Amino acid sequence: MPLYAERPPLPSDDKRWRIVNGTMRKHGFSRNALIETLHTVQSSFGFLDEPAIKFVAQSLRVPLSQAYGVVTFYHFFSLKPPGKHTCTICTGTACYIKGSEKLVVEAEKQLHVRVGETTADGEVSLGTVRCVGDCGRAPVVLFDGELSAQMKAPQLAQQLERWTMQ
Amino acid sequence: MSDLKTLATVWLDGCSGCHMSLLDMDERLVELSSQFTLVYSPLVDRKTFPDRVDVTLVEGAVASEDDLKKIRKIREHTRVLVSLGDCALTGNVSAMRNMCGVQPVMLRVYEQNVVQPQVPTVGVPALLNRVRPVHEVVPVDVFVPGCPPSADTIYQVLSELLAGKVPTLEGVAHFG
Amino acid sequence: MNTEELQQIAAGGQEERDKFDYEVNVCMGTSCLSQHSDRIRDAIAKEAEACGKKCQVRRTGCMGPCAAGPMILVEPAGKLYGHVREGDAKDIVEALGGEPVARLDPELGSYFEGQNFVVLENVGHIDPEKIDEYIARGGYQALLKALTEMNPASVIEQISKSGLRGRGGGGYPTGLKWDTVAKVKGAQKYVICNGDEGDPGAFMDRSVLESDPQRVIEGMAIAAYAIGASKGYIYVRAEYPLAVQRLTMALREARRRGFLGNSICETQFNFDIDIRLGAGAFVCGEETALIASIEGKRGTPRPRPPYPAVSGLWADPTLINNVETFANVPPIIRHGGEWFSSMGTARSKGTKVFALTGKIQRTGLVEVPMGMTLRQIIFGIGGGVPDGRKFKAVQTGGPSGGCMPEEHLDLSISYDALISAGSMMGSGGMIVMDDTSCMVSVARFFMEFCMTESCGKCVPCRAGTVQMFELLTKITKGEATHRDLDRLTELCEVVGATSLCGLGQTAPNPVLSTLRYFKHEYLAHIDEKRCPAGVCELSPAAVEVHA
Amino acid sequence: MSAEPNVRTLTINGEEISARSDQSILEAAREHNVEIPTLCHLEGLSEVGACRLCLVEVKGARRLLPACVTQVAEGMEVTTHSPKIDRYRTMILEMYFAERNHVCSVCVANGNCELQDLSLKLGMTHVEIPYQYPQLPVDASHPRFTVDHNRCVLCTRCVRVCSEIEGANTWGVMGRGAQSLVITDLKQPWGDSETCTSCGKCVQVCPTGALFEKTSVGNKTRKHPEFLPYLRIMREGEQP
């Protein structure tokens, strides 16, 4: 089968593929570098689509089904492109006790999307995370990856409004 | 000798196959009828459920408001309630609509591919959002799996009840 | 690297320090950094330069009381400042050598009373990105001592003597674990540091990795020497970018100084460490799942035996310990096992780091000797429940643990005492709840966690957690009956007894412990359709009808 | 490792038996006609210990142990059936039935289904816990076979046979927890799979009606997983 006969060419001229290739080379194109490589794809592109998974799987000679199984097992990996902005609410125990559930409700109301979705205009993605480790100042929200602690619903609404009003 | 004398059978949301299987007992029906009095059934004429029934066989799942009302009343007036067949036990085919909900089913049946689209509202009981097995609504005493349970199985259940035993169908009958 | 060289580096560090009259240590852990403590540091450095005071401004790791951050420690006065802003830089520098700035007092009360820093001994005093500062405070003496003065067996003997038990939750005796791996024959062995701190509401490992990464590396190297491993992996959550960054830097530094690589400290010992990133799967805290993940596979556990000690990473003998366990190793080797075992209780030795959070006055990271009571920690160190509310429960052990009520506040912290109270040590999350928390909802929260984190391999965990979650939801909605409660109890038993790995086996614990101590809350939801904490919105039971 | 496995003596349900040291409790028990229920186990495939139905009591062990992956040991005292184990097994089986849409009466495997057989053997007459009714797809894109996820028990026999025997690795598991799903390649339609050799082994080893041949009509389709041990032996060649 031509599928795995040799290493596949880079999917496009996009420079980011060279970074991905670099990660694989660093690990000698070993099968066990799958997760490390997927991390590189995720951080370079913001998500993993089918061509990307296929490229990585073929390069590392991992069965397609296993590669897809790994991508969908770990919640850190995303199959869909994220919105321009991301709002990630921590739902760890400390944040839960301090009312993170209300923040989720507020964000869902404000953005008209459910957790895990992106607004129709592609502006904001809403997500949750199981603890970012700033429990001392719960509840915590990450706006575009920047940590904001001791968050309150009006404050959250304000930030989201700033994004959606643009 | 048991003191179970009166028998009722009811038909909720099911295909009546369990009742057919009951009739399949053939000549054994005659034998049983000498010990049981069939006081209420789709097979007999009586219109109201008696105040006190010793054994009631229930075929079908609980799918409508009407089913719900009926089964609650039946439980109240029955000593030994027997769930007969997979629909009563698990919801079975009747409950396959739970996968998609009521609305799509109504649409498919009454509005799509029909000459005169119209959802009936008068004279028919409202459907429950979710079809449930009998034991999720009222306590059940005996479970008889099968789709339908074979005539032999039903005969065994009734005979053992008459003999004053709680029938166990472990290793005898299964779903399907 | 030999003893003299090590001393030289340490002396060099001291000389460097002696050039300054003051030290201003600025916390740059995740929490304080998110409040721009880096800018505060720069502002202070600028002020110090402007006014000509000989002041060393240093980035340090987490000092503990995160809620009072950004934190600053001024030496030699030993003065802590809290809630510092960029604009405070001038006042802080001016106050050096004089009266401290009163308005920046963090008001920590008795926060540090009774705390005993072993794992956190360097916190607030070293720059986590500078290996020489670690060395200046005694770092790598233990590794050097182990390599040059001790044989592997005597290293294990000291660890055994110390009574150190696994700090990841299970509490398995560390010495015994090391001994087992050491005795297994194998040309290639591995040391893995489990930094997949998955317990929601816990951040001990993050803090240690961010604040003192060299300590973990040293601990791993000592372990590798003791068991005969040449390769190590640190498995860190990708959600901890700062920890990953500091760790990457620390590994590079350790290699540069010759504590990793070939012929370490001029001996024949070779050892190197790689970082592996977790990707958001709690179950990877389980040893066999973690191994699968490092191998690049789905993080599903497999039945044990064979234990990783015999057949672990790539089927080779593997030692897995948690971050805090490794962090305890250097001081044990430095001071001896007996020193360590002099702290703590009969069967739980040393100290334990806890992440004290929830409805409590002073949240943060604390390190206390084993045997301290919950009351001392919560009301002494933590200052009790704020806003005039009443203490209701304290949760330890994460999703595998349980909630303990007021009656158990005088419980002395130890592995066994916590288990007998229906909870467990866990990795060290300690979450305080007041009377506004509904215990059924809390149980439901943890069950939802287990449900979404279940790997799906075995059916009791995959399907049982869903069933339990739905029953708990039914209770919180006021739709449940006593039969549902019975079924919940039965599911707890079956899922606990039959699940493949620790996640499923302990998933019922939050339900069981709340049923044990707060059954009245369950009953209020069921019988009276009432939520005592006023959290749940209950509706009278009804079989919904399609309109 | 010694080439010659030693003999171990143990008791199963009070009966003293001998077994080879490399045998599992399950193998030893079946050799002596002691029935232990299994679902994910299949002779000729690797063990995963996932279905939890073969859990047995071993004296001195803190927990119940899966018979399929626990090796026999000298003096081991095994109990394969007790009221407690039987109750656990029934409940596990109920969880299987409730988590997907198992409607035996309309299933192609009715009468030839291992799940159905287990319910008979273990005496499960009804399912006490509520059914979940998830919405799951049916993929009939392959010219010869169909996969109906409503009937899948996630035993991963298809995944293992495809990887260990056929070597195609077409099948895999995606997602996690209750959202787990067996997939072909990148979750694409089976018929579009680039790696599937259409060998049909997965269909033969599937214990339920999740994987079936399109020609199976009604409920007369027996599956034939017996070829596995044969393939194994032939592949390993002549033992010296």
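Extending 7 Å from Cα along the Cβ direction at D:S198 and again at C:W339 yields two label points whose distance is 7.3 nm.
Here the Gaussian network model covers chain B, with springs between Cα atoms less than 10 Å apart; of B:Q35, B:Q118, B:Q156, B:Q118 fluctuates the most.
Legend: calculated FRET efficiency, C:H482 to D:H32, from the Cβ-Cβ distance at R0 = 56 Å, rounded to 0.05, equals 0.80.
As a rough guide to protection, the peptides C:493-505, B:135-147 ranked by mean Cβ packing within 10 Å, highest first, stand as C:493-505, B:135-147. Lacking any other cysteine beta-carbon closer than 4.7 Å, the following Cys residues of chain D have no compatible partner: D:C54, D:C68, D:C104, D:C107, D:C113, D:C152, D:C162, D:C196, D:C199, D:C206. Straight-line reach from D:K201: taking Cα to Cα under 17 Å and skipping same-chain neighbours fewer than 8 places apart, the lysines in range are D:K214, D:K223. Exposure proxy for C:H525, A:H85: other Cβ atoms within 10 Å of each Cβ, ordered fewest to most, give A:H85, C:H525.
Helices in the protein assembly as shown, meaning DSSP H runs of at least 4 residues, each add -39500 (n - 2.57). Divided by all residues, the mean residue ellipticity at 222 nm is -10000 deg cm²/dmol. Amide H contacts for C:G344 (H built 1.01 Å from N in the peptide plane; partners 5 or more residues away or on another chain; cut-off under 5 Å): C:G350, C:M370. Each Lys and Arg contributes +1 and each Asp and Glu -1, all at the Cβ; summed about the Cα centre of chain A, the dipole is approximately 480 debye. In order along region C:193-207, the Karplus-derived 3J(HN,Hα) couplings, from 6.51 cos²θ - 1.76 cosθ + 1.60 at θ = phi - 60°, round to 9, 7, x, 8, 5, x, 4, x, x, 9, 8, 4, 5, 4, 4 Hz, and Gly and Pro are given as x. For A:K80, a cut-off of 16 angstrom between C-alpha atoms picks up these aspartates and glutamates, skipping any fewer than 8 places away in its own chain: A:D49, A:E50, A:E117, A:D121, A:E123. In terms of its alpha-carbon gyration tensor, the protein assembly as shown comes out prolate; a/c meets the 1.5 threshold, and the first ratio a/b outweighs b/c.
Spin-label model, A:E117 to C:D21: label points 7 Å out along the Cα-to-beta-carbon direction sit 6.3 nm apart. Region C:76-130 and region B:97-135 have Cα centres spaced 69 Å apart. Of the cross-linked pairs A:K98/C:K79; A:K26/A:K84; C:K54/C:K79; C:K19/C:K53; A:K98/A:K152, those separated by over 20 Å at the C-alpha level are A:K98/C:K79; A:K26/A:K84.
This ranking places A:K102, C:K161, A:K15 by how few other beta-carbon atoms lie within 10 Å of each, fewest first, which gives A:K15, A:K102, C:K161. Applying the Karplus relation 6.51 cos²θ - 1.76 cosθ + 1.60 with θ = phi - 60° to region B:8-18 yields 3J(HN,Hα) values of 10, 10, 10, 10, 8, 7, x, 9, 6, x, 5 Hz, where x marks Gly and Pro. With a Förster radius of 25 Å applied to the beta-carbon distance between D:S82 and C:A315, the computed FRET efficiency rounds to 0.10.
Assuming R0 = 56 Å, what is the FRET efficiency of A:T164 and A:F29, from their Cβ-Cβ distance, to the nearest 0.05?
Calculated transfer efficiency: 0.80.
Placing a label point 7 Å from the Cα of A:S12 along the Cα-to-Cβ line, the residues of region A:33-74 whose backbone N sits under 12 Å from it are A:45, A:49, A:51-52. Checked against a 23 Å cut-off, the cross-linked pairs B:K69/C:K519; B:K73/C:K474; C:K474/C:K519; B:K5/B:K73; A:K54/C:K297 give Cα-Cα distances beyond that limit for B:K69/C:K519; B:K73/C:K474. Antiparallel beta bridges, as assigned by DSSP with both residues in chain C, represent about 50 percent of the total such bridges. Near C:R276, the amide H atoms lying under 5 Å from its own belong to C:I234, C:Y235, C:V236; only residues 5 or more places off or on other chains count, and H is placed 1.01 Å from N. Within region B:136-151, whose backbone N sits under 15 Å from a point 7 Å along Cα→Cβ of B:R72? Answer for region B:136-151: B:136-139. Using Cβ point charges alone (K and R +1, D and E -1), the dipole size of the protein assembly as shown about the Cα centre works out to roughly 580 debye.
Taking a ≥ b ≥ c as the square roots of the eigenvalues of the Cα gyration tensor of region A:2-73, is the shape rounded (a/c under 1.5), prolate (a/b larger than b/c) or oblate? Taking the square roots of the gyration eigenvalues as a ≥ b ≥ c, region A:2-73 is rounded. Our coupling estimate for region C:380-397, obtained by passing each phi through the Karplus curve with A = 6.51, B = -1.76, C = 1.60 and θ = phi - 60°, is x, 5, x, x, x, 7, x, 6, x, 8, 9, 5, 10, 7, 10, 10, 10, x Hz, Gly and Pro reported as x. How much length is gained if the chain between C:T267 and C:N151 is pulled fully straight, taking 0.36 nm per residue apart and subtracting their Cα-Cα distance, in nm to one decimal? Taking C:T267 through C:N151 to full extension adds about 40.6 nm, to one decimal.
Close amide-amide hydrogen proximity is noted between D:R8 and D:A19, D:R20, D:S21, each under 5 Å apart and 5 or more residues distant or on a separate chain (H modeled in the peptide plane; Pro and chain starts excluded). Among B:V119, B:V55, B:V30, the residue with the largest mean-square fluctuation in a Gaussian network model of chain B, with springs joining Cα atoms closer than 10 Å, is B:V119. Just check chain C against the gyration tensor rule for me: Cα atoms, a ≥ b ≥ c as the square roots of the eigenvalues, rounded for a/c under 1.5, and otherwise prolate or oblate depending on whether a/b exceeds b/c. Since a/c reaches 1.5 but b/c is at least a/b, the shape of chain C is classed as oblate.
Have a look at the DSSP beta bridges in the protein assembly as shown and tell me what percent are antiparallel, nearest 5. Antiparallel bridges: around 50 percent, rounded to the nearest 5.
The distance between label points at B:Q35 and C:D410 comes to 6.5 nm (points 7 Å beyond Cα on the Cα→Cβ vector).
Among A:M24, C:M468, a tally of other beta-carbon atoms within 10 Å of each Cβ gives an order, fewest to most, of A:M24, C:M468. Shielding by partners for peptide B:130-140, expressed as the average number of C-beta atoms from other protein chains within 10 Å of each residue's C-beta, is 3.
A short reminder: the numbers here are calculations on the coordinates, not readings from a lab. Please read these numbers as outputs of a predicted model, since none were measured by experiment. Counting neighbours? That spans all protein chains shown, and the Cβs are built from the backbone with ideal geometry, glycine included.
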